[in-house]
Every structure is written in structure tokens, then in C-alpha cells.
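Here's the structure we're looking at; comments come further down.
The values are calculated or read from the model by the stated rules, or taken from the named source; none is laboratory data. In this text the structure is predicted, and so the values were computed from the model without any measurement. No Cβ is skipped: glycine too gets one built from the backbone with ideal geometry, and neighbour counts run over all protein chains shown. The protein model used for the area step is the full one, side chains on, heavy atoms only, and it has no ligands, DNA or RNA in it. Shrake-Rupley method; radii C 1.70, N 1.55, O 1.52, S 1.80 Å.
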Amino acid sequence: MLGLLVIVLTAAAVLGAVLVSSRSPEVDGPVSQSRPGPVLLVPGYGGATGSLQSLADALTAAGRDATVVRLPGNGTGDLRTSAEALGTAVSAVLERTGEPTVDLVGYSAGGVVARLWVADGNAGVVRRVLTLGSPHHGTSLADLAGGVAPSECPVGCRQLTTGSDVLAALNAGDETPAGPTWVSVWTTQDETVTPPDSARLEGAVNLTVQSVCADATVGHGDLPSNRLVQQIVVTELAAGDPVQLGPGDCARLAG
């Protein structure tokens with residue numbers, strides 16, 4: 001009996017140590033911006049990874065380790081469940097690379113997923129969060145779908161409505177919690193995230209594609225694959241703090 005008790009207590013101690021070591025470090029200030037780690041790219045509603053792979057390839061060409069995350073239920077289910085899947089992917093990448101932090105790129109609803117995961121006690125392992133055309137304050141398209149064809153608007157869709165409890169809780173108080181630095185990029189020509197300014201995040205470097213190249217024609221679906229946008233993302237994920245790009249950078253980034 002004594003031997004069994006010793007085994008149980010030993011196992012409990014080991015498990016406790018594993019749990020403690022797997023927790024994100026406490027955030028007592030900004031995460032160091034000097035050493036960019038691997039990048040995880042989070043798909044939007046529908047979970048399609050093709051266009052994000054194009055962006056991942058651009059990051060790889062720039063010398064970054066880039067992984068596209070696959071979300072359960074094609075990204076149409078509970079966004080909090082998608083955030084858990086992101087956490088699993090982050091753990092795997094950190095273990096594979098041995099790096100202390102990651103950068104997150106969230107496209108469309110994937111930006112909301114990234115924010116949910118960071119807000120759930122994980123800010124200490126994220127250096128930078130960059131969202132791309134994300135409906136941080138909802139989209140009237142989801143409002144319309146929920147009102148006109150509710151059967152065609154599953155839980156993920158409902159969580160992207162302008163009055164959803166998920167977004168209300170996420171935006172209460174500090175929209176960009178301490179730890180990472182934050183960048184939000186979107187196009188003024190977005191017809192999926194409406195109004196496009198829903199992508200604006202208080203406390204982030206906020207950047208429209210057209211504020212860099214005024215004549216850029218970029219729709220919501222073009223954001224991950226457009227060369228200009230890709231180079232904006234590569235630049236904003238570089239070592240050091242994020243920068244406020246402008247018209248003077250257009251020729252260089254548009255190539």
C-alpha cells in the first residue's frame with residue numbers, strides 16, 4: 001500500500017511539473033521584439049488554407065519559419081474551439097523550433113481566433129500579432145446572414161455579428177493586451193468585412209493597404225495572395241517594433 005502511495009505521489013509531482021512548464025510565462029512587460037520566431041498563419045471563416053500558403057511561401061522566402069494552421073470544422077465552428085487548435089499548433093511549433101515566442105498572422109476571422117488565444121493567458125509566448133482584414137468589431141454581412149438565413153449562419157458566423165457576446169467580451173477594456181505588439185492591416189475595398197474599418201484595433205499599428213499605395217485594388221479575398229500585402233506583412237513581422245508604413249514605401253513594397 002505504501003509503495004502504491006509513493007507511485008501515485010510521484011506521478012502527481014511529475015504531472016504538476018509538466019503542467020507548470022507548459023504554461024505560458026507570466027507577462028510582466030512587453031515581449032522582446034528583437035528576435036522574430038516562427039510564424040503561424042490562421043485561416044479565416046471557411047478554413048481555406050490555399051491563399052494563406054501563398055503568404056507562408058513569401059514569408060519562407062524572406063527567411064521565416066511559417067506554418068499554416070488547420071482549424072476544426074473548416075473554421076465555421078466555435079471560434080474558441082479554433083483558438084484551442086491554434087494553441088496546440090503553437091505548442092508543436094515551439095517544441096520543433098526551440099524558439100521562445102511566435103508571431104501570429106490571422107486572416108479574416110483568423111485574426112479574431114488569434115486574439116482569443118492570446119487573451120486566454122498566452123500573451124507571454126507571442127511577439128507580434130498581425131491581423132489581416134479581420135472583423136474585430138463584427139461584420140454586417142454576418143448580421144444579414146443571421147437575420148435572413150439563420151440556418152446558413154452557424155456558430156462561427158453568429159460570433160462574427162456586430163453584437164456577439166464573443167466580440168463584446170474580447171473588445172471590453174484593452175483590445176491589444178500587453179505582451180505582444182499588434183498590427184492590423186486591411187483594405188478599404190473590403191466587401192466581406194463591412195464596414196472595413198471594423199478591422200481597426202485600439203493600441204495597434206493600424207494600416208490600410210491604400211494608405212501605402214493609394215491606387216491599390218485589393219479585395220478581401222485578395223489580401224493573403226496580393227504581392228503588396230505580402231510585402232507589408234513581411235515588413236511588419238521583421239525584427240524590432242512594427243512600423244507605420246506610408247506612400248513613401250509604395251514603390252519598394254509593390255515591386
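What to note about this one:
- Identity of the residue in segment 197-214, without any contact (Cβ under 8 Å) to a residue 24 or more places away in the chain and part of a helix (DSSP H, G or I), that ends up surrounded by the fewest Cβ atoms within 10 Å (Cβ to Cβ): D197
- Checking T217, T188, T176 one by one, the residue that is touching a Ser or Thr at 6+ places or on another chain (Cβ under 8 Å) and either open to solvent by less than 30 Å² (accessible area, probe 1.4 Å) or at pLDDT 95 or above (or both) is T188 and no other.
- Within the set L130, L104, L94, the sole residue that is of a type outside the set (V, I, T) and part of a helix (DSSP H, G or I) turns out to be L94.
- Members of segment 48-65 found to be part of a helix (DSSP H, G or I), open to solvent by 60 Å² or more (accessible area, probe 1.4 Å) and more than 12 Å from Y107 (Cα to Cα), listed by number: D57, T60, A61
- The residue list S211, S225 contains one member that is within 27 Å of T162 (Cβ to Cβ) and either charged (D, E, K, R) or out of contact with any Lys or Arg (no Cβ under 7 Å at 6 or more places or on another chain) (or both), which is S211.
- Looking only at segment 66-80, residues that are in a helix (DSSP H, G or I), open to solvent by 60 Å² or more (accessible area, probe 1.4 Å) and under 24 Å from G221 (Cβ atoms) come to 1 in all.
- Here G44 qualifies as within 15 Å of the chain's Cα centre (by Cα), surrounded by 19 or more Cβ atoms within 10 Å (Cβ to Cβ), outside any helix (DSSP H, G or I) and not charged (D, E, K, R).
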